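Inspection log for the structure reproduced underneath, given as structure tokens.
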Amino acid sequence: MGMTLQFLSIASGSSGNCYYLGTDNYGILFDAGVSLNTLKKAMKEKSIRMEAIMAVFITHDHADHIKSVGGLGEVHGIPVYATQAVHAGIESNRYVTVKLPTSRRIIEKDRTVTIKDFNITAFNVPHDASDCVGYLIQYKHHHFVIATDIGRIDQTVGEYIRKANHLIIEANYDREMLLRGNYPLFLKERITSGKGHLCNTETAVFLATHFDSHLKNIWLCHLSKHNNLPSLAYEAVGKALEQSGIRVGEDVNLTVLPRSVPSEWYYLE
Ligand SMILES: [Zn+2]
Ligand SMILES: [Zn+2]
């Protein structure tokens, strides 16, 4: 019971990202891309105490990942872990009004940080922020990987993803919807470049080609509000897996995370 790994998505998408991983007694947040009020409301609804949060780990300094870092760090005294470059980006970001003089903690890529029973390793991700990382979180026999805001799955990202028993991976946009939609050309080019976001097909092809039987849960994250639909993301990845002989719901669970409301609790044995 006390050993069970508990996962909750508080928000996932271009308007805000925040994930919770924990045990019965304490937890860790990954990204703080919703307002402090929204976060507190979600935590109350899910019976998570602020005092139980041991740390916040940040992937990168885009607003949808750092909105409440100041409040968490300086008001609630929770250490905020990020690379030096991401911290510099937070420091100079005009949307972050509360800076992190006391709560700033610097991490390095491929170096493991231990928070109680959790071993957390950041890995490099190609994305157009000051710097961007994904996280491998090892807890007991679990390997949980968070891979969001990825221009392309390069060798490093691929190696870390393949370690996962539980994987949060981006399925940001449907290519047709993006190309036919009314985003300006520069934005379409930014998103599809190797430093923007992953589309449904890119995620689907990678997962179907590199599937390993130790992968038990896939959560698709960071869906675009304008250029994707949960059904399209689910179908793209589900079909690709099935076509490779992987039974969705039996060999692996596949879920699309909701954009602006918390997910259900996932208890990982
Ligand atoms: Zn983002
Ligand atoms: Zn981003």
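Every residue in the stretch 222-265 that is among the hydrophobic types (A, V, I, L, M, F, W, C) and farther than 21 Å from Asn172 by Cβ, please. Answer for the stretch 222-265, where residues must be among the hydrophobic types (A, V, I, L, M, F, W, C) and farther than 21 Å from Asn172 by Cβ: Ile246, Trp265. Within the set Arg105, Arg49, the sole residue that is away from ligand 2 (no atom under 16 Å from the Cβ) and either over 21 Å from Gln138 (Cα atoms) or within 17 Å of the chain's Cα centre (by Cα) (or both) turns out to be Arg49. Checking the structure you have, find out if any residue of the stretch 186-202 is out of contact with any Lys or Arg (no Cβ under 9 Å at 6 or more places or on another chain), crowded, with 21+ Cβ neighbours inside 10 Å, at pLDDT 95 or above and of a type in the set (Gly, Ala, Ser). No.
Identification of strands (runs of 3 or more DSSP E) wholly contained in the stretch 1-104 with 3 or more residues that are within 16 Å of ligand 1 (Cβ to nearest atom) and buried (at least 19 other Cβ atoms within 10 Å of the Cβ) yields 5-11. In the stretch 59-75, the residues that are farther than 18 Å from Gly196 by Cα form Cβ pairs under 6 Å with partners that are within 10 Å of ligand 1 (Cβ to nearest atom), at six or more places apart or across chains, as follows: Lys67/Gly33.
The values are calculated or read from the model by the stated rules, or taken from the named source; none is laboratory data. Worth saying up front: this structure is predicted, and the values here are computed from it rather than measured. Positions of Cβ are backbone-derived with ideal geometry, glycine not excepted, and every protein chain shown enters the neighbour counts.
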